[in-house]
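Here's the structure we're looking at; comments come further down.
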Amino acid sequence: MSQQDDHPRVDQADLRWCHRSVQGVSRTFALTVDVLDEPMSSYICLGYLVCRIADTIEDASHISSETQAELLETYDAALDPENEIDAATFASAVEPHLPTGELDDDWTVVRNAPRVLRTFGGLPDEVQRAIIPPARELVQGMTTFVDRYSDTGGLRIQTREELEEYCYYAAGTVGNLITNLLTRGSVASERRQQLYETAEEFGLLLQLVNVSKDVYDDYTDEDNIYLPAEWLADEDVPQDQLVDPEHEAGAATVVRRTASLAGSFLDDAETYLETIPLRDGNTLEAWAIPFLLAVGTLRELLSRPEDALSETDVKISREEVFAVVEEMSGTTDRDVLNRLRTRIAEEPYHRRPTSAD
């Protein structure tokens, strides 16, 4: 079925632009959108972009904390169907704070917030009602953290509890957003309960993997430090010196500790994937691929945590990504998840040659 048939109220040029934009802002999430079918592909695409606008504002090191909070509050109001503030008001407020020069993909989406929200507004009302509450919770949570660290320039997470709080706002809310979409209509009460009991953990897993692997870039590019100060203090590492070579051993221990915390959510995340309904264009591979790639990234992090503290990227090989995508392509067999998770945790996953190769 075409996007035109699935989304009759949506301008098709705008919808195509939104799909292209996801490709630019997140290669990982683009994989998910690409292997979803309609209408879920567009629901998730628009839901992601709505959240990504706030995330870009929250990560903007060139904007003062006070202004970040004001912009996030304006954006939250624009998402509120009962508020007179609209996307055009937000766009006017953010325009003076756009980076100079050619905008990257993230800031192009921010500038085009009215186009994103206009397209979002063409989705079915029940879909908008599923997305808006968790998206607004994400925006409000980010505003809270920007306000909390307004005197430090960037975020400086202090404790494990605060790290999990931040990750909930950044990604646990997205887990709930996805679940709201997947549980529209008739879903058995036990299944619905299981989904909501594990949705946040699925988001926490993915966000904590990002926190663990992106330490250097988060600090040097965005002036944000997510490794808890209390954990760094345990290793005698001053938080603002976590990427200094002299503290590599201690900081690497904290990276490994954070990666281990991420790993503690693997079981619940797997349960979530084993429970999600496959309907309205939802597919198992869309969520299994990021789950399995997170398993592989954790393997690399636990093996070489020091790589997260320098320009050396912590990532799995392109060949392994392709192998995981190929293995999961079109499958509805949830039994493969645990087998693949176990194997990928032990060694890089590559498709074994067959006689056809």
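The values are calculated or read from the model by the stated rules, or taken from the named source; none is laboratory data. Just so it is clear, the model here is predicted, and its values are computed rather than measured. Glycine also receives a Cβ, built like all others from the backbone with ideal geometry; neighbour counts cover every protein chain displayed. Calculation scope for accessible area: heavy atoms of the full protein, side chains included, ligands and nucleic acids excluded. Shrake-Rupley method; radii C 1.70, N 1.55, O 1.52, S 1.80 Å.
Specify whether the C-alpha gyration tensor of segment 97-156 places it in the rounded, prolate or oblate class, a ≥ b ≥ c being the square roots of the eigenvalues: rounded for a/c under 1.5, otherwise prolate if a/b is larger than b/c and oblate if not. Oblate. Note on segment 90-166: with charges restricted to the Cβ of Lys and Arg (+1) and Asp and Glu (-1), its dipole about the Cα centre is near 240 debye.
For segment 196-349, what % of the accessible area comes from carbon and sulfur atoms, probe 1.4 Å? Accessible surface attributable to carbon and sulfur in segment 196-349 totals 41 percent. Coupling constants for segment 150-161 follow from the phi torsions by the Karplus curve (6.51 cos²θ - 1.76 cosθ + 1.60, θ = phi - 60°), and in residue order they are 5, 8, 10, x, x, 6, 9, 5, 9, 9, 4, 4 Hz; glycine and proline get x.
Cut-off 10 angstrom, C-alpha nodes, Gaussian network model of the chain. Which of T67, T152, T183 fluctuates the most? Result for the chain, Cα springs under 10 Å: T152 fluctuates most.
Expressed as a whole percentage, what fraction of the accessible surface of segment 1-93 belongs to carbon and sulfur atoms when a 1.4 Å probe is rolled over the protein heavy atoms? Of all accessible area on segment 1-93, carbon and sulfur atoms account for 44 percent. For segment 39-176, the gyration tensor built on C-alpha atoms gives an oblate shape. Its axis ratio a/c (a ≥ b ≥ c) is at least 1.5, and a/b is not larger than b/c. In the context of the full set of protein chains, the chain has a per residue accessible area of 44 Å² (1.4 Å probe). Of all the options D268, D106, D151, the one that moves most in a Gaussian network model of the chain with Cα springs shorter than 10 angstrom is D151. Summed over qualifying helices (DSSP H, 4 residues or more, each -39500 (n - 2.57)) and divided by its residue number, the chain shows a 222 nm mean residue ellipticity of -20500 deg cm²/dmol. Shape annotation for the chain: C-alpha extents along the principal axes are 59, 58, 41 Å, from largest to smallest. With θ taken as phi - 60° and the Karplus curve 6.51 cos²θ - 1.76 cosθ + 1.60 applied, the whole-hertz 3J(HN,Hα) list for segment 213-229 is 8, 9, 4, 5, 5, 4, 7, 6, 8, 10, 6, 10, 10, 9, 5, x, 4 Hz, x standing for glycine and proline.
Identify, among A323, L278, S26, the residue whose Cα sits farthest towards the positive end of the charge dipole of the chain, taking +1 on the Cβ of Lys and Arg and -1 on the Cβ of Asp and Glu, with the dipole about the Cα centre. In the chain, that residue is L278. Ordering Y166, N112, V127 by the projection of their Cα atoms onto the charge dipole of segment 104-168, which places +1 on the Cβ of Lys and Arg and -1 on the Cβ of Asp and Glu, puts N112 at the extreme positive end. Springs join every pair of Cα atoms under 10 Å in this Gaussian network model of the chain, and among E246, E306, E235 the largest mean-square fluctuation is at E246.
About the Cα centre, and with charges only on the beta carbon of Lys, Arg (+1) and Asp, Glu (-1), how big is the dipole of segment 187-257? Nearest 20 debye, please.
That gives segment 187-257 a dipole magnitude of about 600 debye.
Over segment 55-130, the hull volume per residue, using the convex hull of the C-alpha atoms, is 96 Å³.
Taking label positions 7 Å along the Cα-Cβ direction at both A88 and D240, the computed distance is 4.4 nm, reported to one decimal. Taking Cα centroids, how far is segment 96-141 from segment 145-205 in Å? A separation of 18 Å, based on Cα centres. Distances between placed amide hydrogens fall under 5 Å for R156 paired with I225, all partners being 5 or more residues away or on another chain. If you average the C-alpha positions of segment 235-285 and of segment 18-62 separately, how far apart do those two centres end up, in angstrom? Spelled out, the Cα-based centre of one part sits 21 Å from the other. 3J(HN,Hα) along segment 76-85, derived from phi through the Karplus expression 6.51 cos²θ - 1.76 cosθ + 1.60 where θ = phi - 60°, amounts to 4, 5, 5, 7, 7, x, 9, 9, 6, 5 Hz, with x in place of Gly and Pro.
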